[in-house]
Structures are given as structure tokens and as C-alpha cells.
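Peer 1: My questions all concern the structure below.
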Amino acid sequence: MPLLDDRVRKQVQDALAGITRPVKIVMFTQGEGGAIECEYCSETRELVEEVSQQSGKLSLEVLDFQADEARAREYGVDKIPAVVLLAGDGEPARHGVRLYGIPAGYEFSSLVEGLRMVGTGDVKLSDATRQALARLTKPVHLQVFVTPT
Amino acid sequence: MVLAHKLALASDLVSADMVEATEFPHLTNRYQVQAVPLTVINETIRIEGAVPESLLVEKVLEAGT
């Protein structure tokens, strides 16, 4: 059964219409499709499967958190369900955009906007912010705790 | 959430995770999440509620310089 209704599917298609470069969605689950796949993992997987079909520029790779441990480490993924958004056009990939847990409700728009930004390179930030970021010398890890509603 | 992802896209030194609080009780416990959104920077800096860009950047600089 589709998770996205026609109206939402249309909204996603519109939001992603401006994407000019490929975006790869990497999703980590465990025991894909089987009885041991965690509830939120299967829901998240089904959600990104549907989302990935809404633009010809999107591709999806579903990986297993245990079997593909090296890939998880590469992307800094330490729990599941996890979704990593990557620029898929051969640019040096930035692995820093991750979503843990199902991006549903309000956070669904975070997923869609993340895809749009990666796929267009259109990241609106003030000049002051960009200058400040250029001064960083150490890694900074942000975790934003949210709930679906 | 989108703001944190923007910073991650604008700097190789920044990574940003959305964490759905109810699915990861061990983390909500560890970081004592009482209300959302809660932003945790490098395990030490906590910002509750929605944050304006200038304040978030100030805290990111504090953690990363």
C-alpha cells in the first residue's frame, strides 16, 4: 500500500522539479523485508522507496546495517533506521546529512528539502554564516532531536 | 532541522543528524531530552527550541574552533 497519497506525491514532485544533479539516498536497515526488520526500519525503507520514485534524478541504495558494516562506518551511521543523502554526480561526497528514524509528519519536509538542496546546490545561508563556517578548524556534529508531530 | 542540514552542506567539517526522539530512547535518556526540538552539538552544547541561524552558528563556532 502506498504511504504517500496523490496530493503528497504531487507536492514532492513539485518540490524536486528543480533538481539538476543526481542525488543518492542510502538507507540502512537490517534483515530487509524479513520478520526481524524493525518496524520503523521497514516503514522508513518503504517511505524512501516511494520518495525515490518521484524524481528521475533520485536513486536509492538499501544497505544492511550488519552485513554492510563498512559502508555504515564510511557514512558515520551508528544506528538504524538511517537515511543518508549524497550528491551522486562524482563530486567529493559529503556524508554529513543524515536522518535517523522515520522522517514522517513534519520531518517529512526535512527529507524533501534535504533532497532538494543536495540536488540543486541551492543552500540558503547568510554571508555571515558562510564566513563563520570557513573559520571552523575542528569537526562539529549536530544532533537535532525531533518528534514526528 | 533543515538549518542544521544546510550547515552540513556548506561545510565539510559539519555533520548534522535528525534523530527521531521516540525511536531512540537510549539517546533521549543520555541527552535528557525533555522537549523537542533539542540540538546537541559535539555532545556538550545543548540548545532547546527552534534556533535562529545566527545563534546556531555562534554555538557551532564555539564547538569547532
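Peer 1: Is region A:25-40 home to any residue that is open to solvent by 60 Å² or more (accessible area, probe 1.4 Å) and closer than 22 Å to residue A:148 by Cβ? Spell out how you get there, then give the answer.
Peer 2: If we filter region A:25-40 for residues that are open to solvent by 60 Å² or more (accessible area, probe 1.4 Å), which is where we start, we get A:32-33, A:35-36, A:39-40.
Pick out the ones that are also closer than 22 Å to residue A:148 by Cβ and you get A:39-40.
Looking through region A:25-40, at least one residue is open to solvent by 60 Å² or more (accessible area, probe 1.4 Å) and closer than 22 Å to residue A:148 by Cβ.
Peer 1: Within region B:1-17, track down each residue that is of a type in the set (D, E, K, R) and open to solvent by less than 10 Å² (accessible area, probe 1.4 Å). Spell out the reasoning first.
Peer 2: Residues of region B:1-17 of a type in the set (D, E, K, R): B:6, B:12, B:17.
Answer for region B:1-17, where residues must be of a type in the set (D, E, K, R) and open to solvent by less than 10 Å² (accessible area, probe 1.4 Å): just B:17.
Peer 1: A further question on this structure: Restricting to region A:103-146, count the residues that are touching a residue at least 24 places away in the same chain (Cβ under 8 Å), within 7 Å of chain B (Cβ to nearest Cβ) and open to solvent by 20 Å² or more (accessible area, probe 1.4 Å).
Peer 2: Number of matching residues: 1.
Peer 1: Sticking with this structure for a sec: Go through region A:41-56 and give me each residue that's more than 12 Å from residue A:80 (Cα to Cα) and either touching a Cys at 6+ places or on another chain (Cβ under 9 Å) or open to solvent by less than 40 Å² (accessible area, probe 1.4 Å) (or both).
Peer 2: Once the filter is applied, which keeps residues that are more than 12 Å from residue A:80 (Cα to Cα) and either touching a Cys at 6+ places or on another chain (Cβ under 9 Å) or open to solvent by less than 40 Å² (accessible area, probe 1.4 Å) (or both), region A:41-56 yields A:47, A:48, A:50, A:51, A:52, A:54, A:55.
Peer 1: Checking residue B:20 against (1) over 10 Å from the mean Cα position of the chain (by Cα); (2) open to solvent by less than 20 Å² (accessible area, probe 1.4 Å); (3) more than 7 Å from every other protein chain (Cβ to nearest Cβ), which single condition isn't satisfied?
Peer 2: Evaluating residue B:20 over (1) over 10 Å from the mean Cα position of the chain (by Cα); (2) open to solvent by less than 20 Å² (accessible area, probe 1.4 Å); (3) more than 7 Å from every other protein chain (Cβ to nearest Cβ) leaves (3) as the failure.
Peer 1: For residue A:63, state whether it is in contact with a Lys or Arg (Cβ under 6 Å, 6 or more places away or on another chain) and at the interface with another protein chain (Cβ under 7 Å from one of its Cβ atoms). It would help to see each step written out before you state the result.
Peer 2: On the way: in contact with a Lys or Arg (Cβ under 6 Å, 6 or more places away or on another chain): yes; at the interface with another protein chain (Cβ under 7 Å from one of its Cβ atoms): no.
No: the conditions fail for residue A:63.
Peer 1: Give just the number: which of (1) touching a strand residue (DSSP E or B) at 6+ places or on another chain (Cβ under 7 Å); (2) assigned to a loop (DSSP other than H, G, I, E, B); (3) closer than 19 Å to residue B:24 by Cα does residue A:32 not satisfy?
Peer 2: (3)
Peer 1: So residue A:77 fits all but one of (1) open to solvent by 50 Å² or more (accessible area, probe 1.4 Å); (2) closer than 21 Å to residue B:8 by Cα; what number is the exception?
Peer 2: Only one criterion is unmet by residue A:77, namely (1).
Peer 1: For region B:23-45, which residues satisfy the criterion of being surrounded by 14 or more Cβ atoms within 10 Å (Cβ to Cβ) and more than 17 Å from residue A:148 (Cβ to Cβ)?
Peer 2: B:31, B:39, B:40, B:41, B:42, B:45
Peer 1: When the residues of region A:93-102 are filtered to those that are surrounded by fewer than 19 Cβ atoms within 10 Å (Cβ to Cβ) and either at the interface with chain B (Cβ under 8 Å from one of its Cβ atoms) or modelled with pLDDT of 70 or more (or both), which remaining residue is farthest from the chain's Cα centre (by Cα)? Talk me through it step by step, then tell me what you get.
Peer 2: Of region A:93-102, the ones surrounded by fewer than 19 Cβ atoms within 10 Å (Cβ to Cβ) are A:93-95.
So of that shortlist, the ones also either at the interface with chain B (Cβ under 8 Å from one of its Cβ atoms) or modelled with pLDDT of 70 or more (or both) come out as A:94-95.
On the way: A:94: 12, A:95: 10 Å.
Within region A:93-102, the match that is farthest from the chain's Cα centre (by Cα) is A:94.
Peer 1: May I pose another question? Would you pick out the residues in region B:23-65 that are under 20 Å from residue A:111 (Cβ atoms), modelled with pLDDT of 95 or more and more than 9 Å from chain A (Cβ to nearest Cβ)?
Peer 2: Hits for region B:23-65: nothing passes.
Peer 1: Can you tell me which residues in region B:6-63 are part of a strand (DSSP E or B) and touching a residue at least 40 places away in the same chain (Cβ under 8 Å)? Show your work before the answer.
Peer 2: Going through region B:6-63, the residues part of a strand (DSSP E or B) turn out to be B:14-20, B:38-41, B:45-48.
Result: B:14, single match.
Peer 1: If you don't mind, there's one more thing I want to ask. Could you please give the count of residues in region A:53-77 that are part of a helix (DSSP H, G or I) and either free of Cβ contacts under 8 Å to residues at least 12 places away in the same chain or in contact with a helix residue (DSSP H, G or I) (Cβ under 9 Å, 6 or more places away or on another chain) (or both)? Full working, then the answer.
Peer 2: Within region A:53-77, the first condition is being part of a helix (DSSP H, G or I), and the residues that meet it are A:69-74.
If we keep only those that are either free of Cβ contacts under 8 Å to residues at least 12 places away in the same chain or in contact with a helix residue (DSSP H, G or I) (Cβ under 9 Å, 6 or more places away or on another chain) (or both) too, we end up with A:69-70, A:73.
The number of residues fulfilling the criteria is 3.
The values are calculated or read from the model by the stated rules, or taken from the named source; none is laboratory data. Computed from a predicted structure; not experimentally measured. All Cβ positions, even for glycine, are placed from backbone atoms using ideal geometry, and neighbour counts span all protein chains on display. Protein only, heavy atoms only, side chains kept; ligands, DNA and RNA dropped before computing areas. Shrake-Rupley method; radii C 1.70, N 1.55, O 1.52, S 1.80 Å.
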